[in-house]
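Working notes, beginning with the structure itself.
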Amino acid sequence: MINKSPVVLVLLLSILLLWWLTTSLISKNELVLEPVLQYSTSCKTRSVNNVNTLKIHVPVESLAHQLIVKTCENEVVNRQFGAVSIYWGGSLAEQIEFLAKGIADLVLTKDNIISAMMADSTHSFKPIVGYPAYSAFFISNTEKPRLEKAYFLDKHIGLLDYPTSRSGHILPKQLFKRLDLDVTALHISYFSSHQKLRDKLAAGEVDIISSYWSDYDDQRFSKNYITPIANNVSGSRWYLKMNEDNTELACALQSVISDVAQARTSNYFEGIEQYWQCQHAPYHLIEREE
């Protein structure tokens, strides 16, 4: 006969090990996204007794710092909130955290992400400002990039480190896949903004980058050395959570975002589309054909 005691002991130990792993993976501490806690900036408004905080999520740190000052200075924001907190990070996990759970009041994201998470119906996110469609390019400083497998094998490539960026991350990686290139085998460095991509290219620290093209790029690079990856790429939109019909806040934030966009050094941001009629009361969302 087979001695069952060792078998039972092994099974018992396996069950205990599985239980320990499961409880470790689903512990409450693991549900907290570190970027949400670590990467943020905040300010106090003049309404020191107001306990409400306006929570905003953006992809990159530079935009957060540009936005924080003007948002805290806005009169409507000062009336309705005691503080403003802006979080940055481009991972899809963070966007799920902020959108699906309704943590953010204002978020810059793609329309397809809003639709996929049903954030428009679940949390009443409405668009307030949109950026225009654009083209994505590989940009070099010394030659015109070729969309061939062999071309990329010995190149140092600069991409954005947030995976929801189409021009800086998604589209080039889709191209690599079509060319049957293993991304892990390529020499790729990741950077936090389109501006840093350009700085690294101009300094010769990378051979090519993936980004959009703006008029300001004519001053640093040559149009002879760009190759399109995709055209008519839909731009991002700012969405405001409107569980209440807070039209004054929608118009106030539309104005703040428009001012920040106009101040950014790219003609791409100058072509923004405003979704709210804010010239006279009653303010309302402008009906548009998609």
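The values are calculated or read from the model by the stated rules, or taken from the named source; none is laboratory data. In this text the structure is predicted, and so the values were computed from the model without any measurement. Backbone-built Cβ (ideal geometry, glycine too); neighbour counts: all protein chains shown.
Taking the numbered list (1) assigned by TED's automatic domain parsing to the domain that holds Cys278; (2) more than 13 Å from the chain's Cα centre (by Cα) in turn, Arg146 passes all entries but (1).
Screening Ile257 with (1) more than 30 Å from Thr122 (Cβ to Cβ); (2) within 18 Å of the chain's Cα centre (by Cα); (3) β-branched (Val, Ile, Thr) gives one miss only, at (1). Restricting attention to the range 153-168, report how many residues are crowded, with 18+ Cβ neighbours inside 10 Å and more than 20 Å from Gly204 (Cα to Cα). Count: 5. Looking at (1) closer than 20 Å to Lys110 by Cβ; (2) in a helix (DSSP H, G or I); (3) of a type outside the set (Lys, Arg), find the lone condition where Leu201 falls short. It fails just one condition, (1).
Within the range 108-141, restricting attention to residues that are among the small types (Gly, Ala, Ser) and under 15 Å from Asn243 (Cα atoms), the residue that is surrounded by the most Cβ atoms within 10 Å (Cβ to Cβ) is Ala119. Residues that are part of a strand (DSSP E or B) and under 22 Å from Val58 (Cα atoms) within the range 218-266 comprise Val233, Arg237, Trp238, Tyr239, Leu240, Lys241, listed in sequence order. Output yes when any residue across the range 193-203 is within 20 Å of Trp238 (Cα to Cα) and in contact with a helix residue (DSSP H, G or I) (Cβ under 7 Å, 6 or more places away or on another chain), and no when none is. Yes: the range 193-203 contains one or more residues that are within 20 Å of Trp238 (Cα to Cα) and in contact with a helix residue (DSSP H, G or I) (Cβ under 7 Å, 6 or more places away or on another chain).
Would you call Lys126 basic (Lys, Arg) and in contact with a Phe, Trp or Tyr (Cβ under 8 Å, 6 or more places away or on another chain)? Judged against the criteria, Lys126 is a match.
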